[in-house]
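To start, the structure itself, in structure tokens.
Laboratory data are not the source of any read-out in this text; all were calculated from the coordinates shown. All values derive from a computational prediction rather than experimental measurement. Cβ placement follows ideal geometry from the backbone for every residue including glycine, while neighbour counts extend to all protein chains displayed.
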Amino acid sequence: MERGLISVDRWAEGSQAYFLTHLHADHTRGLSPAWSRGPLFCSRLSAKLLPAKLPGFDLSLLRVLDVGAWHSLSLLSPSSASETLVRVMPLDAHHCPGAVMYLFSGDFGSLLYTGDFRWETTSEKASRSRDMLVKALDGSRVNTLYLDNTYCSPSYSFPSRRDAAQQVVDIIASHPKHHVIIGIDMLGKEDLLVHIARVLKIKIWVWPERLQTMHILGFDGIFTTKTSLARVRAVPRYSFTLDTLEGLNKMHPTIGIMPSGLPWASKPLDRNENFFDSLARSYYNKKANEDASKEERLHPEIYTVPYSDHSCFMELHEFVQLVQPINMRGIVLSSSCYIDPSHYFGHCNGVCQTFQRVQHKRKESGKEHVRVVRAESSVKVNDSKRKGRKCGTVGVSGVYMSRASASRRRRRGAKIMEDNHAD
């Protein structure tokens with residue numbers, strides 16, 4: 001795809017249309033209430049959640065895309081000044097509320113950007129997404145796949161989220177006199193918390209901002225901010241530390257549960273260290289033959305449960321076989337635990353393995369024009385005029401990739417552009 005047309009989860013200047021996969025912080029770095037660089041395309045649920053995350057954001061910039069439907073955009077080619085048609089279909093990524101993958105199609109062929117996703121082969125929801133994707137591809141291979149390679153190693157074999165959720169329920173039920181804290185993000189793992197509440201017939205405490213998110217998502221009557229009403233508390237995972245847990249135990253017996261696909265830490269924890277950062281730090285200490293399908297004890301009062309919102313290795317393998325990409329790249333690029341998916345999946349259906357990284361910087365300026373030309377959807381795109389510098393790491397199909405850390409807290413994304421620099 002030509003330079004200067006589309007960016008995914010990347011919010012710098014220089015594109016005509018911007019696409020958001022989901023609202024986790026590592027995908028929205030650079031997106032602020034003052035951001036106004038162009039139309040922002042996202043799922044209907046992300047559009048509903050965004051005002052709470054970014055108060056004051058100009059909502060007139062939002063363009064809602066319906067999942068499973070083709071939407072057509074006409075973008076202005078920066079090189080020829082002629083219109084070029086791009087079609088896009090969002091697909092449920094099964095990662096967190098509102099999360100979607102994007103399948104792009106045009107003169108460049110097809111490009112699939114998964115963002116963060118969980119491809120549970122036994123899930124009914126994933127089965128529907130599979131049918132949508134197969135129908136959309138219509139027997140064709142994906143030219144370029146940008147894959148969530150968070151757990152792209154045979155070391156990772158997770159149970160289904162339903163089974164992992166039951167493990168959490170069993171842990172809580174086996175500690176009837178304990179208080180329980182569960183580390184979660186601002187968005188995600190709602191199904192886990194709802195499962196706990198319904199099976200155990202209890203309310204769950206959440207902090208006020210999280211309660212607002214729960215209400216937006218339609219979960220009423222399950223969550224509370226009154227500590228007296230709940231012995232199970234969902235807390236921000238950045239506050240999930242050994243000092244916090246020991247402080248709570250001085251007042252009442254308390255256990256902690258970490259639902260995460262990250263490997264177990266095998267060195268002593270620092271007292272003020274975030275447990276989730278410790279898990280990421282210990283990547284190289286995990287042995288390939290460890291069983292990651294059951295809960296583990298990280299500390300006498302801490303359980304880790306392999307409840308993951310990212311795909312495990314076998315799920316990634318099944319997904320790659322399904323879409324048969326000609327080119328493939330991981331979206332987690334620069335980290336201590338980066339694994340190029342072509343290392344394991346390059347043999348699948350003749351996947352091209354030209355994945356050298358090229359640095360390229362270029363300045364461009366000029367008018368950029370966006371509008372809808374076919375009534376396949378209700379997308380409306382405003383004209384915009386911008387000037388900007390474009391720089392980054394160029395990969396196959398000329399996709400600009402941003403950087404990510406092992407703990408997945410840094411910005412990620414892609415600027416889709418023409419590849420004028422062969423690897």
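A few points about this structure:
- D_trans [Stokes-Einstein, Kirkwood Rh over alpha-carbon pairs] for segment 119-275, 37 °C, 0.692 mPa s, µm² s⁻¹: 183 µm²/s
- For the set LYS48/LYS189; LYS177/LYS201; LYS48/LYS201; LYS48/LYS226, the pairs lying more than 20 angstrom apart at their alpha carbons are LYS48/LYS201; LYS48/LYS226.
- With the simple model of a label 7 Å out from the Cα in the direction of the Cβ, SER127 to ILE202 spans 3.3 nm.
- Each other residue within a Cβ distance under 12 Å of CYS42 adds +1 if Lys or Arg and -1 if Asp or Glu, for a net charge of +2.
- Extension gain (nm, one decimal) between ARG29 and LEU59, 0.36 nm per residue minus Cα-Cα: 9.0 nm
- Note on SER157 and THR227: the extension gain reaches 21.6 nm, defined as 0.36 nm multiplied by sequence separation minus the Cα-Cα distance.
- Once the convex hull of all Cα atoms in segment 1-146 is built, its volume per residue stands at 107 Å³.
- Kirkwood hydrodynamic radius over Cα pairs of segment 4-87, then Stokes diffusion coefficient at 37 °C and 0.692 mPa s, in µm²/s: 243 µm²/s
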